[in-house]
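What follows is a single structure, written as structure tokens, with notes after it.
Derivation of every value follows stated rules applied to the coordinates shown; laboratory data play no part. These numbers were taken from a predicted model, which means no experiment stands behind them. Using ideal geometry, Cβ is built from the backbone for each residue, glycine included, and neighbour counts are taken over all protein chains shown.
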Amino acid sequence: MALTTKQPGGPSTLRAEIGRSVAARLDADPRARSTGGEAIQFYRVDQFLDARQCETLIAHIDANRRPSTLLSDSGDASFRTSDSCDMDRWSDLVRPIDESIAALLGIAPERGETMQGQRYAPGQRFRAHHDYFHEGESYWARMSAKGGQRTWTAMIYLNDVAEGGATWFPQAGLRVRPRQGLLLAWNNMAADGRPNTQTLHEGTPVVEGVKYIVTKWFREAPWIGE
């Protein structure tokens, strides 16, 4: 994950075309609703996963979780306090879901990072951040060589949460409560292909219950085989 301290980068014809293509596909899908307004391209799909799929993923996350980490040089331990689960892209559990997300967005599977699980216990959070890579950070050369910029994000809630744990986009005026099976998808780029600073978002603290999600990030170029 990238923090918000440096110039994120310039426009890109390729990223702009990816944005138009995915938005057109989602606009034509009756399952998808556009709710981002003018600030960001943002969609939601209710019940993208069923209860059994969600429960199986939750069990997998619980069995394989580790403390979440940050990519940025300037991060601190209190910024992201959840646990994460590194999933096996080719497993019988992960692969069908991983590829169904790519199919929903119309992005070639090889441009998608492997789906990652996250677990948030009471009090845990992920402070405001962007999913795109900041091109002024030291990690950019490494990320650029391994698939390049992140374009779209897809995130799925695996359970309802009694209180707290909303995903909040303060600059876009969006706040979404966790609901089992609900998929959110947003374009991290602006219309001209430059990183869209208005995609700043936060996983707000869980107050009661435990929140489980899976997240999949897509790159502008193939990521598999990095």
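Report note on the peptides 167-178, 127-138, 207-218: ranked by the mean count of other C-beta atoms within 10 Å, highest first, their order is 207-218, 127-138, 167-178. Averaging Cα coordinates gives a centre for the stretch 157-206 and one for the stretch 101-154; these two points are 13 Å apart. Each of Val94, Val206 has some number of other Cβ atoms within 10 Å of its Cβ, and from fewest to most they run Val94, Val206. Scaled against the 2.2 N^0.38 Å expected of a compact globular protein of N residues, the Cα radius of gyration of the chain reads 0.94. Counting 0.36 nm for each residue step from Ser34 to Ala221 and taking away their Cα separation leaves a gain of 64.8 nm. Of the peptides 142-150, 179-187, the ranking by mean beta-carbon count within 10 Å, highest at the top, reads 179-187, 142-150. Using the Cβ of Met115 as centre and a radius below 12 Å, the other residues enclosed give a net charge of -2, where K and R count +1 and D and E count -1.
Enumerate the helices in the chain for which the Kyte-Doolittle hydropathy averages 0.5 or more and the C-alpha atoms extend at least 24 Å along the helix's axis, using complete DSSP H runs. Membrane-span-like by this rule: not one helix.
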